[in-house]
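Report on the following structure.
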Ligand code: PEP
């Protein structure tokens with residue numbers, strides 16, 4: 001059976017002292033969960049949260065990385081740097097990075113290759129815009145994103161995929177559990193075509209887009225949804241804990 005992963009994405013929120021307080025508040029609330037709990041925090045909060053989460057069931061991730069090992073890339077952070085301080089996960093290709101920082105499918109591919117090379121687990125985001133959905137193009141768009149993201153990657157056993165319809169991110173509009181499951185199932189079928197049934201059966205595919213404590217259970221109990229990537233609701237420890245504990 002596939003494990004469930006509940007990952008928070010704080011985006012550009014929380015100062016180090018707020019991040020420390022958050023872990024302190026969250027830890028007792030989620031200590032009995034058997035789900036994998038990940039918090040993807042701003043770079044500046046990584047070290048603090050890693051220290052405060054030591055010995056707990058909370059794992060820490062970054063929200064981006066560069067694909068080069070080192071060099072003249074002012075303002076960037078490498079996968080080696082993340083790995084060196086104990087980061088386990090990294091979000092790659094979030095729609096906000098694609099939209100505001102012009103990240104392409106080719107960049108996403110280079111980042112996944114590099115993350116896997118150093119032993120980070122990439123959480124790879126795919127998803128369609130509202131316009132694409134209204135034109136019934138979502139499957140075509142996602143197929144294309146997947147093929148490009150995983151180009152020349154032989155082993156995706158450490159990759160997590162997050163289906164995030166862009167129109168549902170931060171808008172309060174959640175995909176229905178049936179719609180979300182249809183696309184996660186479609187993603188699994190695409191993985192099957194590239195990597196075969198065993199890999200597809202084990203692939204972890206999350207849903208993200210306005211997941212809240214009141215809709216998490218319904219979404220995460222669908223056949224092909226293996227947990228969630230949570231933005232807004234991961235900023236509040238009680239809300240995030242309620243989402244993590246949806247199956248307790
Ligand atoms: C996200 O940023 O990945 C996300 C899903 O945000 P929200 O939960 O706020 O829609």
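Values in this text are rule-based calculations from the coordinates and carry no lab data. Computed from a prediction, not measured in an experiment: that's the story for all the values here. Glycine gets a Cβ as well: all are built from the backbone with ideal geometry, and neighbour counts include every protein chain shown.
List of remarks:
- Alpha carbon centroid spacing (whole Å) that separates segment 85-126 from segment 154-186: 16
- Segment residue 176-residue 101, length gained on full extension (0.36 nm per residue, minus Cα span): 24.1 nm
- Neighbour counting of Cβ atoms within 10 Å sorts the residues 85, 37, 153, 142, fewest neighbours leading, into 85, 153, 142, 37.
- Here the relative contact order of segment 108-248, from alpha carbon pairs under 8 Å that lie six or more residues apart, stands at 22 percent.
- Relative contact order of the chain: 21 percent, from C-alpha pairs under 8 Å at least 6 residues apart in sequence.
- Theoretical ellipticity at 222 nm over the chain - DSSP helices of four or more residues, -39500 (n - 2.57) apiece, nearest 500: -12500 deg cm²/dmol
- Ranked by how many other Cβ atoms sit within 10 Å of their own Cβ, fewest first, the residues 155, 224, 45, 179 fall in the order 155, 179, 224, 45.
- Pairs of Cα atoms in the chain fall into 5 Å distance bins, from 0 up to the last occupied one, in shares of 1, 7, 15, 19, 21, 18, 12, 6, 2, 0 percent.
- Taking a point 7 Å from the Cα of residue 157 along the Cα-to-Cβ direction, the residues of segment 202-219 with backbone N closer than 16 Å to it are 202-204.
- The label-point distance for residue 68 and residue 218, in a model that sets each label 7 Å from Cα toward Cβ, rounds to 4.8 nm.
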